[in-house]
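The block underneath contains the structure these notes are about, expressed in C-alpha cells.
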Amino acid sequence: MNDDPTRALLPTGLRDLLPPDAGREADVVAQIMGHFLAQGYARVKPPLTEFESTLLDGAGAATAAQAFRVMDPLSQRMLGLRADMTPQVARIAASRLAGEPRPLRLSYSGEVLRVKGGHLRPERQFLQAGIELIGSDAASADAEVAVLVAEALAALNVPGVSVDLSLPTLVPALLADLGLTGEAAADLRAGLDHKDAARVASLAGTAAPLFTALLAATGPADRALAALAGLPLTAAAGAERDRLAEVVERVRRDAPDLTLTVDPVEYRGFEYHTGAAFTLFSRAGGCELGRGGRYRAGNEPATGATLFLDSILAILPPGLPERRVYVPVGTPRAWAQALRTQGWVTVAGLTPGTDVAAEAKRLNCGHLLAGDSLIEVR
Amino acid sequence: MNQSNNSKFVLALPKGRILDEAMPLVRAAGILPEPAFDDPKSRLLRFATNHPHIDIIRVRSFDVATFVAFGAAQIGICGNDVLMEFDYPELYAPLDLGIGGCRLSVAEPVDLAEIDDPRRWSHVRIATKYPEVTRRHFAARGVQAECIKLNGAMELAPSLGLCSRIVDLVSTGSTLKANGLKEVEVIAQVTSRLIVNRAALKTRPDEIGGWVERFRAACGE
C-alpha cells in the first residue's frame with residue numbers, strides 16, 4: 001500500500017467522475033442519443049485514435065492544434081487522438097457509407113481529448129454527443145439540426161435554451177475583399193471577437209463604418225437581421241446573409257419559443273465551418289452547451305451539431321435519488337429480483353450474523369428486506 | 001425556469017482612480033448606489049442600487065475583468081490595459097467610455113536611456129504588473145522579456161537594482177520623474193471600457209444590450 005496523497009493527482013483538465021455523477025452522465029447521454037435516433041439519425045462509432053494523416057485531413061485540419069499525437073509501434077506511423085468527432089464521422093460518410101442514399105443522417109457519442117482546455121471549461125477530456133446531416137445543402141437541413149439539438153436540451157429540462165447564429169465566413173470574406181491579410185487581419189478579427197468597438201474603429205480604416213455597423217447588428221435575431229439587411233455587402237456576403245435569414249425563419253417556425261440571437265462577427269472554435277453556424281447557451285450557466293454548423297464532408301455539403309456533456313451536466317438539476325434496499329445474506333434471489341423489477345436498487349449482504357439494520361444504514365440504504373417485507377431504516 | 005436567479009444582475013466597478021470618473025456615467029445611465037457606497041468607512045463589498053435586481057460590487061481593476069469573464073458579474077468597467085493582459089475570450093468590450101485616460105509605457109533610468117541601444121537587445125528584465133502584455137510586446141520584435149511581477153511601486157525596482165526597466169501605467173509622468181526614470185516607449189494608449197460577459201449578452205440580449213445603450217447615451221455618443 002502506498003498512501004502518498006499525490007498518487008491521486010490527475011493531469012490538468014482530467015478528472016474522475018464518481019457516483020452519482022458518472023451514472024447521471026450515462027443516463028443523460030442515453031436520453032440524448034434516443035432523441036437523435038428517433039428522428040432518423042443512426043449511430044456510428046469511430047475509434048478513439050486514427051492515423052494522423054486521415055484524422056487531421058479535410059474538416060479535421062482545423063483540429064490539428066488540439067490533437068494529441070502518439071507513435072504507433074506497429075505501423076511506425078503517427079496517430080492522432082480525436083479532439084472532435086465530426087471529422088471522423090465525415091470520413092465515415094465519405095468512405096464506408098459513400099454508397100448509402102443521401103441525405104445521410106448519423107449520430108455519435110464519445111470522449112474527446114484536447115491539448116488545451118478553455119478559459120471557462122478547463123476540461124481537456126469530455127464527452128460529446130452529436131449529429132451530422134450529410135449530403136444536403138438546404139437551409140431546412142441547417143434548421144433541422146439546430147432545432148433538434150435545442151429540443152434535446154429542452155427535453156432534459158435545461159432552463160432557458162438559446163441559440164446564437166453566426167456566419168463564420170462573413171468576416172474572412174470582408175477582410176479578403178479589403179485586401180487585409182496577416183497581422184492586420186488578425187488584429188481586426190481579435191477586436192471583432194471581443195466586440196471592442198474602439199479597437200475595431202481604429203484598425204479598420206476606411207471600412208470602419210461597415211465593421212462598426214456589423215458590430216451593432218448583433219442581438220435578438222429579428223433586430224439583427226433587419227440591421228444586416230441595410231448593410232452594403234458584396235454579392236457573396238449578401239447571399240450568406242440571406243441564407244442566414246432563411247435558416248432563422250425556419251427555426252422560428254419549428255421552435256417558436258426558442259430564444260434566437262444573431263451575431264455576424266462571432267468567429268471561434270474549430271474553424272471548419274463553411275456557412276451558417278450556431279452556439280447553444282442556457283440562462284442557467286455561462287458555458288457553451290454545444291455548437292454546430294455547416295461544413296464540407298469530403299466533397300459533400302454537410303451540417304451538424306455537437307453537445308458538450310460536461311457543460312450540460314453542470315447546469316442540470318440533480319437526478320432523483322435511487323431507492324436502495326439492503327438484502328441480508330441468504331434471502332431468496334427471486335425476492336430481491338422482484339424488488340428490482342419495481343425500480344429498487346438492491347444491495348446484497350455478504351456475511352451472516354451481522355446487525356442487518358446497522359449494516360443497511362452504514363451502506364446508505366433507506367430500507368431493509370426482512371423476510372419478505374420491507375422495513376424503513378432509521 | 002429560475003427567474004429570481006436570472007433577473008439578478010451585478011455591475012463590477014474598479015476601486016481607486018477610475019471610480020471617481022466612472023460614477024457620473026453610472027449615475028447618468030440610471031444606476032444609483034445606496035448611500036453606504038459613498039461612505040469611506042463602510043466595510044460593505046456589495047451594494048444595493050435603486051434597481052432591486054441590480055447590485056454593484058467594488059473590486060480591484062484586474063478583478064473586475066475576472067468577475068465579468070466568469071459570469072459572476074454581468075457588466076463592468078475596467079481599462080483596456082487589463083483586457084490586454086488577460087485577453088479573456090468571454091469578455092466583450094463594446095464601449096469606450098473615454099475616461100481613465102493614460103498609457104502603458106516602458107521606462108528606464110535617465111542615465112541608461114542616454115546610452116541605450118534597443119536594437120542590440122536579445123533579453124531584457126522588466127518589473128511590471130503586466131507580464132503578458134510585456135512578453136508579447138517584446139517578443140513581437142524578437143526580444144525575450146523576463147518579467148518580474150510586482151503589484152505596485154514599480155518605480156522603486158530600477159533604483160534598488162531589481163532590474164533596469166519597468167512597464168507601467170503613466171498619466172502625467174511625474175512619478176517617473178521623481179524616481180529618476182524616463183518614459184522611452186509607449187506600448188498602448190489606455191482608456192476605460194464598458195465590458196460585458198459573453199453568455200449574458202447572448203442569453204439576455206435585450207436587457208444587457210439595453211444597459212450598453214444607456215451607458216452609450218451617458219457618454220454622449
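The values are calculated or read from the model by the stated rules, or taken from the named source; none is laboratory data. What you see is a predicted model, and the numbers here were worked out from it, not measured in a lab. Positions of Cβ are backbone-derived with ideal geometry, glycine not excepted, and every protein chain shown enters the neighbour counts.
Any idea which of A:Gly330, A:Gly371, A:Gly319 is surrounded by fewer than 18 Cβ atoms within 10 Å (Cβ to Cβ), touching a helix residue (DSSP H, G or I) at 6+ places or on another chain (Cβ under 6 Å) and not charged (D, E, K, R)?
Details: A:Gly330 fails: touching a helix residue (DSSP H, G or I) at 6+ places or on another chain (Cβ under 6 Å); A:Gly371 fails: touching a helix residue (DSSP H, G or I) at 6+ places or on another chain (Cβ under 6 Å).
Of the residues listed, the single one that is surrounded by fewer than 18 Cβ atoms within 10 Å (Cβ to Cβ), touching a helix residue (DSSP H, G or I) at 6+ places or on another chain (Cβ under 6 Å) and not charged (D, E, K, R) is A:Gly319.
Quickly run through the range A:111-145 and pick out the residues that are of a type in the set (Ser, Thr, Tyr) and crowded, with 17+ Cβ neighbours inside 10 Å.
Applying the first criterion (of a type in the set (Ser, Thr, Tyr)) to the range A:111-145 yields A:136, A:140.
A:Ser136, the sole residue that qualifies.
Quick test for you: out of A:Thr206, A:Thr181, pick the one residue that is out of contact with any helix residue (DSSP H, G or I) (no Cβ under 9 Å at 6 or more places or on another chain), surrounded by fewer than 18 Cβ atoms within 10 Å (Cβ to Cβ) and away from every other protein chain (no Cβ under 14 Å). Working first, answer last.
Numbers: A:Thr181 fails: out of contact with any helix residue (DSSP H, G or I) (no Cβ under 9 Å at 6 or more places or on another chain).
Criteria check complete, one pass: A:Thr206.
Considering A:Glu111, A:Glu151, which residue is more than 14 Å from chain B (Cβ to nearest Cβ), in contact (Cβ under 8 Å) with a residue 12 or more places away in the chain, closer than 28 Å to A:Ala245 by Cβ and not polar (S, T, N, Q)?
On the way: A:Glu111 fails: closer than 28 Å to A:Ala245 by Cβ.
Sole residue among the options that is more than 14 Å from chain B (Cβ to nearest Cβ), in contact (Cβ under 8 Å) with a residue 12 or more places away in the chain, closer than 28 Å to A:Ala245 by Cβ and not polar (S, T, N, Q): A:Glu151.
With free of Cβ contacts under 8 Å to residues at least 60 places away in the same chain, farther than 25 Å from A:Glu183 by Cβ and either over 22 Å from the mean Cα position of the chain (by Cα) or assigned by TED's automatic domain parsing to the domain that holds B:Gly173 (or both) as the only criterion, which of B:Ile126, B:Ile115 stands out? Reasoning before the result, please.
Numbers: B:Ile126 fails: farther than 25 Å from A:Glu183 by Cβ.
Testing whether each residue is free of Cβ contacts under 8 Å to residues at least 60 places away in the same chain, farther than 25 Å from A:Glu183 by Cβ and either over 22 Å from the mean Cα position of the chain (by Cα) or assigned by TED's automatic domain parsing to the domain that holds B:Gly173 (or both) leaves just B:Ile115.
At least 1 residues that are acidic (Asp, Glu) and within 19 Å of the chain's Cα centre (by Cα) in each: list the strands (runs of 3 or more DSSP E) lying fully within the range A:32-117 that qualify. Give the steps one after another, and end with the answer.
Values: elements: A:49-51, A:69-72, A:77-81, A:104-113.
Those strands (runs of 3 or more DSSP E) span A:104-113.
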Seminar exercise, completed: A careful count of residues in the range A:156-185 that are assigned to a helix (DSSP H, G or I) and either farther than 23 Å from A:Glu288 by Cα or of a type in the set (Gly, Ala, Ser) (or both) gives 10
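Can you find, within the range B:79-96, the residue that is farthest from A:Glu266 (Cα to Cα) among those that are aliphatic (A, V, I, L, M) and more than 7 Å from chain A (Cβ to nearest Cβ)? I'd like the intermediate steps shown before the answer.
Start the filter on the range B:79-96 by keeping residues that are aliphatic (A, V, I, L, M), which leaves B:82-84, B:91, B:93, B:95.
Among the residues that remain, those that are also more than 7 Å from chain A (Cβ to nearest Cβ) are: B:82-84.
On the way: B:Val82: 22, B:Leu83: 18, B:Met84: 19 Å.
Restricting to residues being aliphatic (A, V, I, L, M) and more than 7 Å from chain A (Cβ to nearest Cβ), the top hit is B:Val82.
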For this session: Go through the residues of the range B:13-35 one by one and say whether even a single one is crowded, with 21+ Cβ neighbours inside 10 Å, of a type in the set (D, E, K, R), in the same structural domain as B:Lys202 (by TED's automatic domain parsing) and in contact (Cβ under 8 Å) with a residue 60 or more places away in the chain.
Result: no
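Has the range B:173-188 got any residue that is closer than 21 Å to B:Asp63 by Cα and more than 14 Å from chain A (Cβ to nearest Cβ)? Show your work before the answer.
Start the filter on the range B:173-188 by keeping residues that are closer than 21 Å to B:Asp63 by Cα, which leaves B:188.
Next, from what is left, pick out any that are more than 14 Å from chain A (Cβ to nearest Cβ): none.
Scanning the range B:173-188, I find no residue that is closer than 21 Å to B:Asp63 by Cα and more than 14 Å from chain A (Cβ to nearest Cβ), so the answer is no.
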Exercise. Among the listed residues A:Glu123, A:Glu132, which satisfies the condition of being part of a loop (DSSP other than H, G, I, E, B) and not basic (Lys, Arg)?
Worked result: A:Glu123
Exercise. Which of the residues spanning the range A:249-281 are within 14 Å of chain B (Cβ to nearest Cβ), buried (at least 23 other Cβ atoms within 10 Å of the Cβ) and in contact with a Leu (Cβ under 6 Å, 6 or more places away or on another chain)?
Worked result: A:Val262, A:Pro264, A:Phe278, A:Leu280
For this session: Please state which one of A:Arg223, A:Arg243, A:Arg294 is modelled with pLDDT of 90 or more, outside any helix (DSSP H, G or I) and under 30 Å from A:Leu178 (Cβ atoms).
Result: A:Arg294
